[in-house]
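The next block holds one structure in the form of structure tokens; read it before the comments.
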Amino acid sequence: MADVLTPDQRARAMSAVRSRNTTPELRLRRALHARGFRFRLHRRDLPGSPDLVLPRFNACVFVHGCFWHRHPGCPRTTTPATRTDYWGPKFARNQQRDAAAIEELSARGWRVAVVWECGLSVRKTPDVADALAAWLRGGDPMIELPGG
């Protein structure tokens, strides 16, 4: 199926996609802040610029969009029908970059959490925040909080 937008319209739409301060990220930040957690945002001196950094707990949190970071089994993980020669490698690079950032953070002694966008709906965010809070207070080195 051909794209319903012109190349200029598609370029404008794609340039509007934010990488920071997304709605799921803001929901999680509000929920964690309400639970008493304080954090730094998007520390560029750390691999992958984690969305949330909690130095007190030696922990980093990534809020991954299901489409861009390829959440396995999620209905939001679709692949565009056009330009598959572009999208396949693009998604693969994103996943490789994510894995490298998590590995490097772990090697530096940071605990890492990955929270998926689909788990941060208005209704599910409190449960995800509670699970993340329990993980922060615990000692596990890594957690992935699935959505859906």
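The values are calculated or read from the model by the stated rules, or taken from the named source; none is laboratory data. What you see is a predicted model; the values in this text were computed from it and never measured. Cβ: placed from backbone, ideal geometry, glycine included. Neighbour counts: every protein chain shown. All accessible areas refer to the heavy atoms of the entire protein, side chains included, with ligands and DNA or RNA removed. Shrake-Rupley method; radii C 1.70, N 1.55, O 1.52, S 1.80 Å.
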Query raised in the report: Before we move on, is residue 10 at pLDDT below 80, surrounded by 12 or more Cβ atoms within 10 Å (Cβ to Cβ) and outside any loop (DSSP other than H, G, I, E, B)?
Result: yes
Report summary line: The residue from 84, 77 that alone is farther than 16 Å from residue 33 by Cα, touching a His at 6+ places or on another chain (Cβ under 9 Å), open to solvent by 30 Å² or more (accessible area, probe 1.4 Å) and not small (Gly, Ala, Ser) is 77
Query raised in the report: Which condition breaks for residue 46 when tested against (1) more than 16 Å from residue 27 (Cα to Cα); (2) out of contact with any strand residue (DSSP E or B) (no Cβ under 7 Å at 6 or more places or on another chain); (3) open to solvent by less than 50 Å² (accessible area, probe 1.4 Å)?
Result: (2)
Report task. Output yes when any residue across segment 39-60 is small (Gly, Ala, Ser) and more than 17 Å from residue 112 (Cβ to Cβ), and no when none is. Result -> no
**Report entry** Condition check for residue 98: among the acidic types (Asp, Glu), surrounded by 16 or more Cβ atoms within 10 Å (Cβ to Cβ) and free of Cβ contacts under 8 Å to residues at least 60 places away in the same chain
**Finding:** yes
Report summary line: For segment 27-41, the count of residues that are surrounded by 13 or more Cβ atoms within 10 Å (Cβ to Cβ) and within 23 Å of residue 76 (Cβ to Cβ) equals 5
Requested in this report: Can you confirm whether segment 57-80 contains a residue that is at pLDDT below 95 and basic (Lys, Arg)?
Outcome: yes
